[in-house]
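Taking it in order: structure first as structure tokens, then the write-up.
The values are calculated or read from the model by the stated rules, or taken from the named source; none is laboratory data. Since this is a predicted model, take the numbers as computed values, not measurements. Glycine also receives a Cβ, built like all others from the backbone with ideal geometry; neighbour counts cover every protein chain displayed.
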Amino acid sequence: MPTDKLTDAAIRKAKPSEKPRKLGDGGGLYLELQPSGSRWWRLKYRLGGKEKRLSLGVYPDVSLADARVRREAARRLVAAGTDPSDERKADKAMTDRKHENKRRADAGQASIGSFEQVAREWLAQVHGPKVSVGYARRSRIQLETDVFPWIGSKPIASVTAPMVLELLRKIEARGSQDTAHRVKQTCGLVFRYAIATGHAERDPVPDLREALAHPIKRHYAAIADPLKLGELLRAIESYGGHPATRAALKLAALVFQRPGNVLAMRWADLDLDAATWTIPSEDMKRTRQAKATGAAHVVPLAAQAVETLRALQPLTGAGLYCFPNQRSRGRPISNVTMNAAMRRMGFGPDEMTAHGFRSTARTIIAERLPAIDPEWIEAQLAHGKAGPLGAAYDRAQYLAQRRGMMQTWADYLDTLRDGAQVLPFKVA
């Protein structure tokens with residue numbers, strides 16, 4: 001097909017008409033003369049059996065000679081099986097990316113495609129909406145403290161397993177093995193998000209499966225011996241500290257909920273006449289979605305728990321919290337206060353903790369109160385149902401059964417506190 005048919009003189013002489021006109025130059029190149037007088041260079045080509053068109057610029061900004069150079073470059077791409085339109089989009093994307101990265105650099109932000117940029121996008125788009133606010137905050141702080149300083153500025157596609165291992169070794173070196181494993185897990189989630197969004201092709205974290213020392217798992221210290229528990233209950237009963245602290249310890253043993261929930265107990269969430277404590281879903285240890293859509297956790301209160309709260313009511317009932325902080329009435333006391341009280345009673349950190357009341361109840365009920373169904377205990381502990389569909393299909397709360405269980409447990413604690421012989425109990 002002959003080419004180079006046009007001349008600049010012919011182009012200048014061409015007059016617009018009511019409809020667009022095409023002035024062909026050959027090789028698929030033509031000048032499209034619009035009724036408005038504008039002149040556009042177009043290239044017609046075929047690829048994969050389909051006819052396509054590509055704009056090559058406006059005349060005279062793009063001269064006849066320049067248009068022919070662009071035509072030949074596009075024809076070479078077509079001959080190689082590459083769509084010049086796709087090539088142009090890729091070039092534009094690269095140019096836009098350079099401009100955006102310069103803007104981000106001037107603003108002190110991570111560049112597009114860097115580990116930090118992808119990680120922050122994952123935090124905002126995936127992790128943050130899914131988990132609790134506290135969990136999301138911890139993940140962000142871990143990344144900012146232990147990851148971004150070392151690989152944050154690197155393109156995430158270029159980050160290798162040895163690079164990740166090097167930063168994890170730094171965490172191990174300061175004696176934080178648990179943190180090292182958590183950071184490794186978080187990095188894996190970021191890499192998987194990078195693969196999904198086209199920033200990386202593989203996740204190097206699985207290559208580190210056996211590269212870190214396995215931390216020794218430590219559980220919260222908890223009393224599992226009924227006789228020793230009786231000693232603690234007697235110590236709590238005679239505790240000479242603040243009455244609210246003593247009441248909090250008694251309630252922790254009676255209801256075995258998480259310390260954060262016990263200590264943040266609000267009078268508005270209690271119905272002492274109905275012997276019920278209702279913990280709003282948003283206060284439970286759940287994912288953000290579960291907090292928003294889940295049911296409140298209803299805790300039946302034994303007569304002893306109701307009695308303890310009624311005795312406390314004249315002291316703190318005018319405020320928001322049942323166990324207010326003495327320095328700031330707008331906040332509840334912390335588990336540090338409960339732990340400190342137990343230390344003063346002679347129970348060390350390796351023996352009992354505020355969180356340990358949950359393990360104590362779970363263990364002793366299973367061993368000493370065999371008539372109680374483990375499902376009732378798990379429901380009282382607010383543990384999630386096993387399996388991916390457990391929570392969706394098994395929503396049993398066993399409220400009636402738990403009410404009897406809690407009274408049986410409270411009566412059993414009374415026998416331990418009073419030093420009676422330890423025998424199996426029957427459910428009330």
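For the range 254-292, how many residues meet the condition of being surrounded by fewer than 20 Cβ atoms within 10 Å (Cβ to Cβ), β-branched (Val, Ile, Thr) and touching a residue at least 24 places away in the same chain (Cβ under 8 Å)?
Matching residues across the range 254-292 total 2.
Please specify each residue of the range 214-253 satisfying the condition of being touching a helix residue (DSSP H, G or I) at 6+ places or on another chain (Cβ under 6 Å), of a type in the set (Gly, Ala, Ser) and exposed (fewer than 15 other Cβ atoms within 10 Å of the Cβ).
Across the range 214-253, the qualifying residues are Ala224, Gly241.
Could you check Leu77 against (1) crowded, with 17+ Cβ neighbours inside 10 Å; (2) within 23 Å of Thr7 (Cβ to Cβ); (3) out of contact with any strand residue (DSSP E or B) (no Cβ under 6 Å at 6 or more places or on another chain) and say which number it fails?
Of the numbered conditions (1) crowded, with 17+ Cβ neighbours inside 10 Å; (2) within 23 Å of Thr7 (Cβ to Cβ); (3) out of contact with any strand residue (DSSP E or B) (no Cβ under 6 Å at 6 or more places or on another chain), the odd one out for Leu77 is (2).
So, in the range 280-320, how many residues would count as being part of a helix (DSSP H, G or I) and either at pLDDT 90 or above or more than 25 Å from Gly330 (Cα to Cα) (or both)?
Number of matching residues: 17.
List pairs: first in the range 33-48 and within 17 Å of Ala73 (Cβ to Cβ), second in a loop (DSSP other than H, G, I, E, B), Cβ under 6 Å, 6+ apart or cross-chain?
From the range 33-48, the pairs are Trp41/Val62; Leu43/Gly28; Lys44/Gly28; Tyr45/Gly28; Leu47/Asp83.
Rundown of residues vs (1) modelled with pLDDT of 95 or more; (2) at positive phi; (3) acidic (Asp, Glu); (4) buried (at least 17 other Cβ atoms within 10 Å of the Cβ), yes/no style:
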site: Lys50; (1), (2), (3), (4): no, no, no, no
site: Gly57; (1), (2), (3), (4): no, yes, no, no
site: Asp66; (1), (2), (3), (4): no, no, yes, no
site: Glu121; (1), (2), (3), (4): no, no, yes, yes
site: Val131; (1), (2), (3), (4): no, no, no, yes
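In the range 336-355, what residues are in a helix (DSSP H, G or I) and hydroxyl-bearing (Ser, Thr, Tyr)?
Thr337
Across the range 167-189, which residue is farthest from the chain's Cα centre (by Cα) among those that are in a helix (DSSP H, G or I), more than 13 Å from Gln142 (Cα to Cα) and not basic (Lys, Arg)?
Out of the qualifying residues, it is Ala173.
Which of the residues belonging to the range 296-350 are over 33 Å from the mean Cα position of the chain (by Cα) and of a type in the set (Val, Ile, Thr)?
Once the filter is applied, which keeps residues that are over 33 Å from the mean Cα position of the chain (by Cα) and of a type in the set (Val, Ile, Thr), the range 296-350 yields Val306, Thr308, Thr316.
Considering the range 190-223 alone, what residues qualify as being part of a helix (DSSP H, G or I) and of a type outside the set (D, E, K, R)? Steps first, please.
At the first step, the residues of the range 190-223 found to be part of a helix (DSSP H, G or I) are 190-196, 205-208.
Result: Val190, Phe191, Tyr193, Ala194, Ile195, Ala196, Val205, Pro206, Leu208.
Here's the yes/no breakdown for (1) in a loop (DSSP other than H, G, I, E, B); (2) at pLDDT below 90; (3) at positive phi:
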position	(1), (2), (3)
Phe357	no, no, no
Ala361	no, no, no
Glu378	no, no, no
Ala392	no, yes, no
Arg395	yes, yes, no
Gln407	no, no, no
Asp414	no, no, no
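Residues being of a type in the set (S, T, N, Q) and under 22 Å from the mean Cα position of the chain (by Cα): count how many of those fall in the range 238-295.
5
In the range 79-116, which residues are among the β-branched types (Val, Ile, Thr) and under 31 Å from the mean Cα position of the chain (by Cα)?
Residue satisfying the conditions is Ile112 alone.
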